[in-house]
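J.: Mind looking over this structure? Questions follow.
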Amino acid sequence: MLPETDLPQKPISKPLVIVGILVLLLTSTTFIPASWFGITPVIYKNTPLNLTDITTPENIAKDTNKDGIISWQEVINQNVDFGTSTNTATIDEQAIAQLNDPNNLTASFSKNLYLAYTYLQKTGTWDETVKQNMLQQLIAQESAKIVPTTYSLREITIASTETKESIKKYGNAIAPLINATINEKYLANDFGSINSFTQTQKESDLVSILDDKKRVDSLLQKILAISVPPSAVPYHILLLERIALYRDSLTAIGNAPNDPIRATIAIENFGNAIPLIIKMVPQLSSYFNMKNIVFSAQDTGYVFTTGYTTTK
């Protein structure tokens, strides 16, 4: 957490290690997983902080190298008192590479956070309310940069003809894959791993998350390979995109040590994707009813008659 008054006096050797902020955001934003962890979200009702003036930092730093750009390095150099002692810290090359990675949301968040913090310190408007509003706005800016995986007609196999038999065959093929995607055992492991990592910050806690990512990706590939009746195409694409959101969220969470801000955002997407996938069962059920398709108890597609139930 950032200090309330003075700026840091010494450079941080690993600027991307901000798991403290990750934990803060996990326990203070209002998304589904928080309640599943037994955490009561804090809802802030203060007037939003306007950070538009911070997009141009001329009032807190100068363009010392005359390149026409005030970089985040110049802001740090002109606002941090490094003292007179000799700095013997080892440069973390991986951290520097992450800071310079345009796809690393934590790098962008860290730079914007420091810039905003410096600005608010100089204007004398730094307090707990401002801090929480600032964090929420900065995380929203990073969230907007995430582009979800989408699918087009060219990426799926569309059947050339359509009959009641082919539609029923499609239902029997897709049902067990939906049922396998949202699996009670894996969900429990995933949420347990997320909760454990936020407390221990051990990368080993994320191994099962990455394993589950592989499982979901395999199921996604099987769904992509199914021949789809033309009338079922919109439902099929919607299902693919919801499962892809689930898979991509697991990927980002598993990579939390390298990009904790992206992982924080992914936890919300992860929680949102689960009910969206489950809702595909009644949506597809309506489709099959519209097509007068009847599934018997011996059909795997019978789930579209009985409704979704979790499996272990």
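Derivation of every value follows stated rules applied to the coordinates shown; laboratory data play no part. Source: prediction; values computed, not measured. Methodologically, a virtual Cβ is constructed for each residue, glycine included, from the backbone with ideal geometry; neighbour enumeration extends over all protein chains shown.
J.: Going through the cross-link list 185/279; 66/111; 168/222; 122/202, which pairs have a Cα-Cα distance over 28 Å in this structure?
T.: Details: 185/279 19 Å; 66/111 20 Å; 168/222 18 Å; 122/202 37 Å.
Violating the 28 Å Cα-Cα cut-off are 122/202.
J.: Turning to a different aspect of this structure: Hey, can you rank 295-301, 238-244 by average C-beta count inside 10 Å, highest first?
T.: Values: 295-301: 13.6, 238-244: 20.1.
For the peptides 295-301, 238-244, the packing ranking is 238-244, 295-301.
J.: Rounded to whole Hz and in sequence order, give me ³J(HN,Hα) for the range 174-190 from the Karplus expression 6.51 cos²θ - 1.76 cosθ + 1.60, θ = phi - 60°, writing x for Gly and Pro.
T.: Using θ = phi - 60°, the values come out as 7, 4, x, 6, 5, 4, 6, 5, 8, 10, 4, 5, 5, 4, 4, 5, 4 Hz.
J.: So how much slack lies between residue 278 and residue 164, counting 0.36 nm per residue of separation and subtracting their Cα-Cα distance, in nm?
T.: Details: separation 114, 0.36 × 114 = 41.04 nm, distance 2.45 nm.
So the extension gain works out to 38.6 nm.
J.: Using the per-residue mean of other Cβ atoms lying within 10 Å as a proxy for protection, in what order, highest first, do the peptides 268-275, 203-210, 250-257 fall?
T.: So the order, starting with the most tightly packed, is 250-257, 268-275, 203-210.
J.: Ranking request for peptides 280-286, 144-150: highest mean number of other beta-carbon atoms within 10 Å first, then the rest in descending order. Spell out each step's value before the answer.
T.: Values: 280-286: 17.1, 144-150: 10.6.
Ranked by mean Cβ neighbours within 10 Å, highest first: 280-286, 144-150.
J.: Under 14 Å from the 7 Å Cα→Cβ point of residue 177, by amide nitrogen: which residues of the range 154-170?
T.: Under cut-off, by backbone N: 155-159, 169-170.
J.: If you place +1 on the Cβ of every Lys and Arg, -1 on the Cβ of every Asp and Glu, and leave all else neutral, what size is the dipole of the range 130-259 about its Cα centre, to the nearest 20 Debye?
T.: Details: 14 positive and 14 negative charges, 54 e Å.
Result for the range 130-259 is approximately 260 debye, rounded to the nearest 20.
J.: Skipping prolines and chain starts, which residues have an amide H placed within reach, meaning under 5 Å, of the one on residue 228, given they are 5 or more residues away or on another chain?
T.: Amide H to amide H, under 5 Å and 5 or more residues apart or across chains, residue 228 pairs with 157, 158, 159.
J.: Quick one: Cα centre-to-centre distance for the range 186-219 and the range 226-295, in angstrom?
T.: Answer, in whole Å: 18.
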